[in-house]
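The values are calculated or read from the model by the stated rules, or taken from the named source; none is laboratory data. Please read these numbers as outputs of a predicted model, since none were measured by experiment. Note that each Cβ is placed from the backbone with ideal geometry, even for glycine, and that neighbours are counted across all protein chains shown.
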4 protein chains.
Amino acid sequence: MEQTVRVCLVGAGRVAKVHANSLVNYIPCARLAALVEVVPQVRSETGEAFGIAEDARFDSLETALDRAQFEAVVITTPTFTHKELAVRAAEAGKHIFLEKPMALNLQECDQIIAATHDANVLLQLGFMRRFDPEFTVAASRIAAGEIGRPMMVKSLTHGPGLPPPWARALETSNGMLAEVNSHDWDCVRWLMGSDYQRVYTEVANFKGPANQVDTPNFYDNVLVDIRFENGGLGSISGICPCGYGYDARVEIVGELGIMQIGEMQGQAVVVCTNREQGLVTPIYRTWPERFAWGYIQEMQHFVECVRLGKRPKVGGEEGRWAVAGVLAATRSFLESRPVYLHEVLSLK
Amino acid sequence: MEQTVRVCLVGAGRVAKVHANSLVNYIPCARLAALVEVVPQVRSETGEAFGIAEDARFDSLETALDRAQFEAVVITTPTFTHKELAVRAAEAGKHIFLEKPMALNLQECDQIIAATHDANVLLQLGFMRRFDPEFTVAASRIAAGEIGRPMMVKSLTHGPGLPPPWARALETSNGMLAEVNSHDWDCVRWLMGSDYQRVYTEVANFKGPANQVDTPNFYDNVLVDIRFENGGLGSISGICPCGYGYDARVEIVGELGIMQIGEMQGQAVVVCTNREQGLVTPIYRTWPERFAWGYIQEMQHFVECVRLGKRPKVGGEEGRWAVAGVLAATRSFLESRPVYLHEVLSLK
Amino acid sequence: MEQTVRVCLVGAGRVAKVHANSLVNYIPCARLAALVEVVPQVRSETGEAFGIAEDARFDSLETALDRAQFEAVVITTPTFTHKELAVRAAEAGKHIFLEKPMALNLQECDQIIAATHDANVLLQLGFMRRFDPEFTVAASRIAAGEIGRPMMVKSLTHGPGLPPPWARALETSNGMLAEVNSHDWDCVRWLMGSDYQRVYTEVANFKGPANQVDTPNFYDNVLVDIRFENGGLGSISGICPCGYGYDARVEIVGELGIMQIGEMQGQAVVVCTNREQGLVTPIYRTWPERFAWGYIQEMQHFVECVRLGKRPKVGGEEGRWAVAGVLAATRSFLESRPVYLHEVLSLK
Amino acid sequence: MEQTVRVCLVGAGRVAKVHANSLVNYIPCARLAALVEVVPQVRSETGEAFGIAEDARFDSLETALDRAQFEAVVITTPTFTHKELAVRAAEAGKHIFLEKPMALNLQECDQIIAATHDANVLLQLGFMRRFDPEFTVAASRIAAGEIGRPMMVKSLTHGPGLPPPWARALETSNGMLAEVNSHDWDCVRWLMGSDYQRVYTEVANFKGPANQVDTPNFYDNVLVDIRFENGGLGSISGICPCGYGYDARVEIVGELGIMQIGEMQGQAVVVCTNREQGLVTPIYRTWPERFAWGYIQEMQHFVECVRLGKRPKVGGEEGRWAVAGVLAATRSFLESRPVYLHEVLSLK
C-alpha cells in the first residue's frame, strides 16, 4: 500500500495540464513519470511546466512503453485517437484513465472495454462531476429517496470558448453533444437512475458564421428532450461558445420535491460600487475552476484504485452509455425526428 | 378621467378572488359592481368576502347585463366557456379582461377577437407575468440588447396541487400545457421576440394513478422543445402537481450572455436552527403569492386602459399564439413527432 | 365602515410623495383632501402630481384646519417641527400619522403622547418596517420561539445620498442616528423583545470634507454597541451617504439559531455578459423601492385604524424609545464612554 | 528545490489532524516525520490515523528533537504552552508553523519573535483565512481600490460547540475573543489596512449556566466596537457555542461601495420537499469544512517557504497584533469602558 503510482500522460493539452497539476501538486503517492505528445511545442511546454525530465518526454505511446517505467496512463488526446491508444495501453498492461468522450462510436467503446477486460487493467472515465462534492452529495441524497422517485431532470453545460476544429466536426468528435455535453449525458442517467429510451434534438448555429466556421452540420446551441426507460423525462442543453463563463447545473424534480445542483456564482464575494448596476459576484469562468476539487478527487481516486486494486467508481459502461446518447441525439437532429436508443444500440 | 370603472366579475373561483382583492382593496378608481357565478355557494361566498350586495350577484352573464350597470367584465370561468361569454360581453359593449388560456382552439380565439373588434371594446388577456416587475424589467433589458440576440430560452411552471377534472381533460381545457403553461407559451415568445416554428413534446404521468386520475391522455410532467422562426431554441417544462411550491422561472441566453428571471425564494428570511439540516428560506407556495404585485398591476392597467381608452399591453393576439403552441405541442405528444405550427394554424 | 378617510398631508417632500402615492393609487377608502407645505414650489409640485385641487393646498396647518375637511393628518415635515404640528393636530381632533423620528427629545415625545391622549386621537409612527412582509413574518417567528431566546441582534441602514443640512445637524434632527437609524432603533428593540440598557457609539466622518459639510459633530459612519435589559447584545450601523444603494438588513442569533431578515438584491434578475466581471443583479437603490409594499401597508393600516377606531400597531411609545436610544448613543460619542439609558430617561 | 520537508506535529488534537491531513494527503513535497503529544490516547490515535510510525511518536518536544529528524514544527497545543514550545523549537533551528492565538500576552509574543529572529528560522501564524480563495481575492480587490478607502469593516465568527475549559478561561487562553475571534482580529486589520486605536466590548453569558460553566468572567457572546488609526470603524462579533454551524463572514464598506466576503451556504445543493418549510441548503457545519481549501493552501505555503527560504505571508507581527486587540477588548469589558491600544502596548 505504500508504493507510488507512476503515471504517463498521453496528450499534453489543457485537460492534461489539469491532471498533471493534480498529480504533481496534490497527490503524494503518485509520480508523473512520462509524457507523450505529438506536437513538439506543446510537449516541451507541458514538460517544463511540471518538471518532467526531457528523457521522459515522448512523441508516441509506443516509444514511452519501450523506454519508460509506469503503471498507468492518463489519456487526454482527441476523441478519434482514444480507441487505438487505450487498447494499446491495455495490451501493455497499463491501467487507464481515459478522458471523455470515451470514443467515436459503440464499436470502439466495446473494443476498449474488451481490451481492458482481457488485460485485467483498470479503466476510469474522466467524468469528474462524479467526484464533485455537490454532485456526489446530491446523488446520495436522491438515491436515499429524499426527493422521491425522480420525474424530470435537466442538465446544462455552457462553455465559454469555440472548440478546436476537430472538436466540432461530427466525424472526428461527434461535435458539441459529445465534447461539451458528455458530462450531462452521464449525469442525467446517473441521477435519474435509468437509461435513456428515446431522444429528440433541436440545434442552432448562431455564432458559426461570425467565427468563420464552415464545418458541415455545425451547431453551437443544442436542446435535447429525453424519455427514460423508467418513464421519467430529461433535458440536456449545450451552448458553446456561450462567452459568459462556464456553466454546469442540474435541476431534478422527484415525486416529493426539487433539487438544484451547482450554481453560477464562482465565489462568495459580492460587491456593489454602482447602484444603477447593482451587485456583482464572480461567475465560474472555466471548467478547471468550477471543478477544481473534483479534478483532484477523481485523480486521487484513480491512483488509489491502482494502488489498492479497486474498481473505479465510473468506467467503461458509463462512458459507453454517454456515447450512445450522443449518437442517438445526433441522428435525431439530422433526421428531424425522435430516435430510440435501440436504433443506435442495435447498430453496433 | 375621473370616472370610476364598474366591473362585473364573471366566475367567482380562486383567480376571481385574486382579481376581486385587487379591485376592492388596491384600485381606488374601480368598483366591483356585479358578480356572476353559477354555483350558489361559491357565488355567495365570494360575494360576502368582497362586500358585493346580494342584488348584484347573478347566476348568468345575461341576467347581469340586464340588471346591473358596469363598463367591464373580468372573465375567469373554465376555458370551454370563454368564447361564448367573451363574445356575449363584447356584443353588449363591455370591455373584457379574459383569463388565460384564451379559448379551446383557434376558431374560438378568432371569434373573440372579431367580436371585440366589431364592438370596439378592449380585450386584455390574463398574462400577469407581463406586469411582474422582474419579467417587465427583464423584457426591456433584452429588447435593449443587453444579452444580445436571444439564442435559447427556457421557461418552467411547476404548480403545487392537482387541477380540477375539467382542467386536466384535453377536451375541456387542453390539459396542463394550457392550464399551467399558458404563461410560459406567452413568455418564451415575448422574450425571444419570435414565433414558434415547430415543437416536440414528451409527457409523463407519475402521480395520476395514486390520485385516482383516469382522464385519458392525462400527464403531470411535460417537456417541450421549441424551434423559433428566428432560429432560436426554447424549452417549456410543466409539472403539476409538483407539491413543493409554485415555481415560475425563465432562463435566457443570448449571443452576449445569460439572464435569469425569477427565483424560488419567496422571502428574504433565512434561518438555521439545525446545522445538519442547513439554511431554510421560504419558497413561493402559490401563484397569488408569487405574482401578488403583478396581479394588482395587470388589473390597474386594465382599469386605466378602460378609463383612458388605451389599448392593453397584452391582448387577443398573444392569447391566440399561446393557444396555437398548446395545440401543436399536444398533437406532438399524441403523435410522437415534431409538429410545425403551420399544421395547426392552417387547420382553423 | 364604508366611510372614506380624508387625509391632510403636512409636508410635501420625498416621503410625503410616497404616502400620497399610497393614498391616491392604492387605498380605495382614503382620499387625499388637503396639502400643507410652506415652500410654494414644493407645494404646487406635489399638489399637481397627486391631483390636489389648488384650493386644498395651504401654507400652514392652521389654515388647513380652518378651511378644509379631513379626519387625519400625515406629518412628514422636519423633526424640529413635529411636536408643535402634532400637538396642534391633536388639539383639533385629527388622527395623526407621524414620520420618524418622533421628535427632538423626550419632553417633546411626552407632549405629543399627552396631546393625542387628551384629544383621544390615534397616533401611528412611520416605522414602515413593522409592515414589511419580511420583517413582520420574522418578528412573528422569533416571538414564536423559532430561534430561541434572542442573544444578539444587528441592524444596519445605509442610505445612498447626503441628507439635507437640517438632517445632519444635532440641533435640528439629532443627525444620522435619528434620521437614518430610527428604524434600526425600533427594530432591534422590537425583535430582541427588550429595552436598551446602555449604549456605546463610535462615529467617523469620511465624506464630509469632500462634500463641504462643516456641520459641527458631523459624522457619516456610525457603529453602536448595545446591551439590552434582558442581557442580550445589539449593534446598529449607519452609513450615509454610502453611495452604493439603500441597504437595510437585520441579523439575529438566538439560543437555537440564526435568522437573517432582508437582503441587498433588489430583484431576481441575474445577468452575466462578461465572465471577468461576473454575475450582476439589481440592488435596492432607494428606500421607497426597498419598502414599496411596507409603505402601502402602513398607510392602509392607519386608514383602517381610523375607520374602525383601532389602535395602530406602532405608536408613541415606540417612537419615544427610538428617540431615547438616539439621545444616549449621541451622548456616548460626544463623551467617549458608554451611556446608560437611565441617564437620558431621568433627564426629561 | 527538490527536497522534502520533514515536519514534526506538536500537539495532536483537532486542528493538528487537519494539518496532518494536508501534509499526508495533499502535499507531495512534505513528510509527516514525527508527532509530539502528551496525552497517550490522543497520541496513538492521531499517530495511527496518519501512519506515523510508533517510534516517531513522542511525549515531549525535547525527546522529539533528540531522536527524530525534521526541519519544521507545526505547533497546535493550548495557547499557554505556545511561548515555551516555539522558543525551544526556534533554538533547535526548526521552522515554525504556530496556531493562533500566538500567545497569552505581548511579552510572550515578543519572546517568540526574538527567538525565531535570533535563530533565523521562519515563523508562520495559523491564520488560514489569509489563504482562503475568497478572503485572498477580496483583500487584493480592496487593496486595488475597488471599493475605495475602507470606512467600516464587520467580521464575525460563530462556532458550533462549547470550547474546552482551558479555552474559555481568561488565564489560560484569554477566552473566546482569542480562541474564536483571533481570525477576526487579524482580518479586520488586514482588510482595513490600519491598526486598531481603541476598542469597546460588550459580552453576555447565555448558555453557560445550562452548560454548568462556572469559569469566572465566562461569556459566550461578544460584540466589539473598534476605531482604527485611519479613522475607520470596525466590529467583531463572536458567539460560541452558537449551535447552528460555523459562520465566518466579513462585510466591508468603502467610500465607493460595499463588499461581502464569505457566506453561510456550505454547498450549492438546494432542496425543497415541503412548501410550508421552504428551500433548504447546507450550512458550513465546522471550520475544517468552511476553510478546507485554505487549510491545505496555508500548509503548502509554509512548506514552500521552508523549501525556498521565503518569508511566510503571515507571521509574528500579525499574531502579535491580534493578541493586542484581544487584551484591549478584554480589559474593556472588565472595566466597562473603551480601551486604547496604547494602554496595552505600553504595558508589555
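Things worth noting here:
- Qualifying residue in the stretch C:114-121 (condition: at pLDDT 95 or above, in contact with a Leu (Cβ under 7 Å, 6 or more places away or on another chain), of a type in the set (S, T, N, Q) and closer than 16 Å to C:His19 by Cβ): no
- Of the criteria (1) without any contact (Cβ under 8 Å) to a residue 12 or more places away in the chain; (2) not in a helix (DSSP H, G or I), which one D:Val73 fails: (1)
- Within the stretch B:306-323, the residues that satisfy the criterion of being over 19 Å from B:Ile226 (Cα atoms) and of a type in the set (D, E, K, R) are B:Arg307, B:Lys310, B:Arg311, B:Lys313, B:Glu317.
- The condition of being more than 20 Å from the chain's Cα centre (by Cα), aliphatic (A, V, I, L, M), more than 14 Å from chain C (Cβ to nearest Cβ) and closer than 30 Å to A:Val339 by Cα holds for only one of B:Leu327, B:Leu308, B:Leu334, that being B:Leu334.
- Any hit, the stretch B:117-137, residues being closer than 22 Å to B:Phe291 by Cβ, within 14 Å of another protein chain (Cβ to nearest Cβ) and aliphatic (A, V, I, L, M): yes
- Subset tally (residues that are closer than 15 Å to B:Trp321 by Cβ and among the basic types (Lys, Arg)) for the stretch B:87-141: 3
- Test: residue in the stretch C:79-93 that is under 29 Å from C:Gly309 (Cβ atoms) and in contact with an Asp or Glu (Cβ under 6 Å, 6 or more places away or on another chain): yes
- The one condition from (1) more than 19 Å from A:Val323 (Cβ to Cβ); (2) surrounded by fewer than 24 Cβ atoms within 10 Å (Cβ to Cβ) that A:Arg198 does not meet is (1).
- Any hit, the stretch A:283-301, residues being surrounded by 21 or more Cβ atoms within 10 Å (Cβ to Cβ), in a strand (DSSP E or B) and within 14 Å of chain D (Cβ to nearest Cβ): yes
- Residues in the stretch C:251-266 that are within 8 Å of chain B (Cβ to nearest Cβ) and more than 18 Å from D:Gln260 (Cβ to Cβ) were compared, and the one that is surrounded by the most Cβ atoms within 10 Å (Cβ to Cβ) is C:Gly257.
- Scanning the stretch C:8-36 for residues that are more than 12 Å from chain B (Cβ to nearest Cβ) and β-branched (Val, Ile, Thr) yields a count of 4.
- Under the condition of being more than 8 Å from chain C (Cβ to nearest Cβ) and surrounded by 24 or more Cβ atoms within 10 Å (Cβ to Cβ), the residues counted in the stretch D:229-239 number 2.
- Residue check for C:His117: part of a helix (DSSP H, G or I) and either touching a Cys at 6+ places or on another chain (Cβ under 6 Å) or surrounded by fewer than 16 Cβ atoms within 10 Å (Cβ to Cβ) (or both): yes
- In summary, A:Pro78 fulfils each of the numbered conditions (1) of a type outside the set (Asp, Glu); (2) closer than 24 Å to A:Ala103 by Cβ; (3) in contact with a Lys or Arg (Cβ under 6 Å, 6 or more places away or on another chain); (4) surrounded by fewer than 20 Cβ atoms within 10 Å (Cβ to Cβ) with the single exception of condition (3).
- The residues of the stretch A:17-27 that are farther than 22 Å from A:Gly93 by Cβ and in contact with a helix residue (DSSP H, G or I) (Cβ under 7 Å, 6 or more places away or on another chain), listed by number, are A:Lys17, A:Val18, A:Ala20, A:Ser22, A:Tyr26.
- Subset of the stretch D:211-225 [under 19 Å from the mean Cα position of the chain (by Cα) and in a loop (DSSP other than H, G, I, E, B)]: D:Asp220
- Residue within the stretch A:338-348 that is of a type in the set (Lys, Arg) and either assigned to a helix (DSSP H, G or I) or over 18 Å from A:Gln107 (Cα atoms) (or both) present: no
- Condition met for B:Asn274 (more than 7 Å from every other protein chain (Cβ to nearest Cβ), in contact with a Phe, Trp or Tyr (Cβ under 9 Å, 6 or more places away or on another chain) and at positive phi): no
- Condition met for B:Thr286 (touching a strand residue (DSSP E or B) at 6+ places or on another chain (Cβ under 9 Å) and polar (S, T, N, Q)): no
- Options D:Ile142, D:Ile96; residue that is away from chain C (no Cβ under 14 Å) and part of a helix (DSSP H, G or I): D:Ile142
- Candidate set from the stretch C:21-49 (those that are free of Cβ contacts under 8 Å to residues at least 12 places away in the same chain and in a helix (DSSP H, G or I)); member that is nearest to B:Tyr26 (Cα to Cα): C:Asn25
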